[in-house]
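Right, one structure below, let's go through it.
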Amino acid sequence: MAEIYNLCKKFPSQESYGLTNQIQRAAVSIPSNIAEGMGRFSIKERVHFIEISYGSLMEVMCQLEVAELLHYITSEQLAIEEKSITEIAKMLIGLRRTMEDKMINNNV
């Protein structure tokens, strides 16, 4: 998430309330939704918040692609972030599977 904020610092000032804000909000919502989900008692709700987190991650990826098209970031910077996003996506998918296995084993 800190990487995203550092990248956004390089965006033009006219993007402060546009793309910059949108990327930062989506990036912050990833761990926030995981935390909110883990604070729920229902495993079904936990899975739901993991799915929301995954959606926010995909939103960040899309917005970074737009930033690259607008030449706010380089293709190399995009590739670095894409690698991180892929790793985070794998972790979220694994966490979701773990929660789903708990639901199956607990007959929820």
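The values are calculated or read from the model by the stated rules, or taken from the named source; none is laboratory data. Treat the numbers as computed from the prediction; the structure is a model and nothing was measured. Cβ sites come from the backbone with ideal geometry, for glycine too, and all protein chains shown count toward neighbours. The protein model used for the area step is the full one, side chains on, heavy atoms only, and it has no ligands, DNA or RNA in it. Shrake-Rupley method; radii C 1.70, N 1.55, O 1.52, S 1.80 Å.
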Flag if SER56 is of a type in the set (Ser, Thr, Tyr), open to solvent by 20 Å² or more (accessible area, probe 1.4 Å), at pLDDT 95 or above and in a helix (DSSP H, G or I): no
The one condition in (1) among the hydrophobic types (A, V, I, L, M, F, W, C); (2) in a loop (DSSP other than H, G, I, E, B); (3) open to solvent by 20 Å² or more (accessible area, probe 1.4 Å) that ALA79 fails to fulfil: (2)
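Conditions (1) in a helix (DSSP H, G or I); (2) touching a helix residue (DSSP H, G or I) at 6+ places or on another chain (Cβ under 6 Å); (3) modelled with pLDDT of 95 or more; (4) surrounded by fewer than 17 Cβ atoms within 10 Å (Cβ to Cβ), marked per residue:
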{"residue": "ALA26", "(1), (2), (3), (4)": "yes, yes, yes, no"}
{"residue": "ILE34", "(1), (2), (3), (4)": "yes, yes, yes, no"}
{"residue": "ILE50", "(1), (2), (3), (4)": "yes, yes, yes, no"}
{"residue": "LEU64", "(1), (2), (3), (4)": "yes, yes, yes, no"}
{"residue": "ILE73", "(1), (2), (3), (4)": "no, yes, yes, no"}
{"residue": "MET91", "(1), (2), (3), (4)": "yes, no, yes, yes"}
What are the pairs, 6+ residues apart or on separate chains, where a residue within segment 6-23 that is free of Cβ contacts under 8 Å to residues at least 24 places away in the same chain and open to solvent by less than 40 Å² (accessible area, probe 1.4 Å) has its Cβ under 8 Å from a residue that is in a loop (DSSP other than H, G, I, E, B) and of a type outside the set (Ser, Thr, Tyr)? THR20/PHE11
Counted residues in segment 93-108 being more than 23 Å from the chain's Cα centre (by Cα), in a helix (DSSP H, G or I) and among the polar types (S, T, N, Q) come to 1
Which of (1) open to solvent by 60 Å² or more (accessible area, probe 1.4 Å); (2) assigned to a helix (DSSP H, G or I) is the odd one out, the single condition PHE41 does not satisfy? (2)
Contact list please: Cβ distance under 9 Å, first residue in segment 38-57 and over 22 Å from ASN21 (Cβ atoms), second residue open to solvent by 20 Å² or more (accessible area, probe 1.4 Å) and of a type in the set (Ser, Thr, Tyr), pairs at least six apart or on different chains. HIS48/SER42
